[in-house]
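Novice: The structure that follows is given in the form of structure tokens.
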Amino acid sequence: MRVHNKRKIALLAAVLSVIIVVFSLVEFSWAETRIPLDRVIDVLIGQGDPIDARLMKDNIIRVVTALVVGAGLAACGCAMQAVFKNPLASPYILGLSSGASLGAAIGIMVAIPFLPYMVSTPLLSFIFCSGTMFLVYAVSHIGGRSNTETLILTGVAVSSMLTAFVSFLTYIAPSDMMGDIVFWSMGNLGKTDLKELAIISPLIVIGIMVISSYSKELNALMLGDFHAMDLGIDVSKVRLTILIATTLVVAAAVSFVGTIGFVGLIIPHIFRILLGPNNRILIPMSAFGGAAFLLACDYLAHVVLLNSYSVLPVGILTSMVGAPYFVYLLRRRKKEVGWS
């Protein structure tokens, strides 16, 4: 690795670390009454007032959820862009988030015998997320290849169809379930409790570790399947493993915090511009950047409605940022997608 690239990585990591620390401390201090920074630090080092610690508990869970989910979605987006050789690929654009949301909505409305709610909802999210992934891939894989136009249009079409099903379930749901389904569609970090975080974190961390372990193979895939096979790589096995790991992460995130779009599109693309295409560097740095980005968006979700007691769902903010960036990417690549 060149010296200037190492310096760039170190500088970027330092900036992201500062963002995470600053926004974490600010969010820790938000409670029924604002907790001063010195008392926040006392609680974090185990010497604080028990009342402050109790007030901060939900905020700490919220911050950790933002970091874990942001890291997972960004790492998945990075892997999908490498697998499909397409910078426009992401879990949200290709409909994975919509599939997982539909599974969660069904899990809310339909009780599965012998399975508790905390198990059935993530399980259905994973099943529907997996089905969505393979449906989009199969439909767009025409003539032995999947081009940008077909892939993106298939993802948008499938996502729209699944979103319509979620809207239908929301419409027919009893009033006590309707609010929960609407929650999935907006993306919200505020309802995760400690038990749910204990389920989310290992699944997402395992998924990121699996994706990272295939960074060398992903570098080869970006050069083409034939090149990868010449290097002795089992292309089908690698692609399937990455898609399963991606599905696991997205389903774990969506089943507990709802649909949070565009994190997997924005962060990997920006970091690819800054750091280059090497996935050995790009995947962990994208995860780091995704964590910082989602935490910053959650901070903005607090301050946007500063005069209100409510917090704006973070999925609304990420879509406000991500949708214009997606349009920008499409315009940059208009010749490839047939708009010239």
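Novice: Under 8 Å for C-alpha pairs, at least 6 residues apart: give me the relative contact order for the chain, rounded to a whole percent.
Specialist: Numbers: 517 pairs, mean separation 94.4, N = 340.
With pairs under 8 Å counted, the relative contact order is 28 percent.
Novice: Counting alpha carbon pairs within less than 8 Å and at least 6 residues apart, what relative contact order, in whole percent, applies to segment 185-340? Before the final figure, lay out each step's value.
Specialist: Working: 141 pairs, mean separation 47.6, N = 156.
Across segment 185-340, relative contact order equals 31 percent.
Novice: Also: Mind checking which of L44, L243, L102 has the largest fluctuation in a GNM of the chain, springs on alpha carbons under 10 Å?
Specialist: L44
Novice: Just how large is the dipole of the chain about the Cα centre, in debye to the nearest 20, putting +1 at every Lys and Arg Cβ and -1 at every Asp and Glu Cβ?
Specialist: Working: 23 positive and 18 negative charges, 262 e Å.
Its charge dipole is roughly 1260 debye.
Novice: Pick from V263, V26, V249: which residue has the top mean-square fluctuation in a GNM of the chain where Cα pairs under 10 Å get a spring?
Specialist: Looking only at V263, V26, V249, the largest GNM fluctuation is found for V26.
Novice: In addition: Round to a whole number: what % of the accessible area of the chain belongs to carbon and sulfur, probe 1.4 Å? Display every interim value, and only then the final one.
Specialist: On the way: 10760 of 16020 Å².
Heavy-atom surface of the chain belonging to carbon and sulfur, 1.4 Å probe: 67 percent.
Novice: Also: Could you report segment 41-161's accessible area per residue, 1.4 Å probe, as an integer in Å²?
Specialist: Values: 4830 Å² over 121 residues.
Per residue, segment 41-161 has an accessible area of 40 Å².
Novice: Also, I was wondering about something else. What does the C-alpha gyration tensor say about the overall shape of the chain? Classify as rounded when a/c is under 1.5, otherwise prolate if a/b is larger than b/c, or oblate. Before the final figure, lay out each step's value.
Specialist: Working: a/c = 1.79, a/b = 1.26, b/c = 1.43.
Oblate shape, in that a/c is at least 1.5 and b/c is the bigger or equal ratio.
Novice: Got the relative contact order for segment 1-101 handy, in percent, Cα pairs under 8 Å and 6 or more residues apart?
Specialist: Details: 53 pairs, mean separation 16.0, N = 101.
The value is 16 percent.
Novice: Same structure again: Using a Gaussian network for the chain with springs between C-alpha atoms less than 10 Å apart, which of these wobbles most: L330, L312, L294?
Specialist: Maximum fluctuation in the GNM of the chain, among the listed residues, is at L330.
Novice: Hydropathy at least -0.5 by Kyte-Doolittle, axial extent at least 15 angstrom from the Cα trace: which helices of the chain, defined as entire DSSP H runs, fit?
Specialist: Working: long enough: 3-28 (37 Å, 1.57); 50-83 (49 Å, 1.09); 96-109 (20 Å, 1.45); 117-140 (34 Å, 1.49); 148-172 (36 Å, 1.47); 175-186 (17 Å, 0.61); 194-213 (28 Å, 1.94); 235-257 (33 Å, 1.89); 263-275 (17 Å, 2.05); 279-304 (37 Å, 1.25); 314-332 (27 Å, 1.03).
Helices meeting the criterion: 3-28, 50-83, 96-109, 117-140, 148-172, 175-186, 194-213, 235-257, 263-275, 279-304, 314-332.
Novice: I need the shape label for segment 142-242. Rule: rounded when a/c is under 1.5, else prolate if a/b > b/c, else oblate, with a, b, c from the alpha carbon gyration tensor.
Specialist: Numbers: a/c = 4.17, a/b = 1.61, b/c = 2.58.
It is oblate, given that a/c is not under 1.5 and a/b is not larger than b/c.
Novice: Need one value: the accessible area of L124 in square angstrom, 1.4 angstrom probe, rounded to the nearest 10.
Specialist: L124 has an accessible surface of roughly 30 Å² with all protein chains in place.
Novice: Farthest toward the dipole's positive end in the chain, which of Q47, P91, V166, given Cβ charges of +1 (Lys, Arg) and -1 (Asp, Glu) about the Cα centre?
Specialist: The Cα lying farthest towards the positive end belongs to P91.
Novice: Taking the simple approach of a point 7 Å from Cα along Cα-to-Cβ for both Y171 and K191, what is their distance in nm?
Specialist: About 2.1 nm separates the two model spin labels.
Novice: In whole angstrom, how far apart do the alpha carbon centroids of segment 209-254 and segment 106-138 sit?
Specialist: Between the Cα centres of segment 209-254 and segment 106-138 lies a distance of 23 Å.
Novice: Would you compute, from DSSP H runs of 4+ residues alone, the mean residue ellipticity of the chain at 222 nm, taking -39500 (n - 2.57) per run and dividing by the full residue count, rounded to the nearest 500?
Specialist: Values: 14 runs with 257 residues, N = 340.
It lands at -25500 deg cm²/dmol.
The values are calculated or read from the model by the stated rules, or taken from the named source; none is laboratory data. Worth saying up front: this structure is predicted, and the values here are computed from it rather than measured. With ideal geometry, Cβ positions are generated from the backbone for all residues, glycine too; neighbour counts draw on all protein chains shown. Side chains are part of the model used for accessible areas, which takes the heavy atoms of the whole protein and leaves out ligands, DNA and RNA. Shrake-Rupley method; radii C 1.70, N 1.55, O 1.52, S 1.80 Å.
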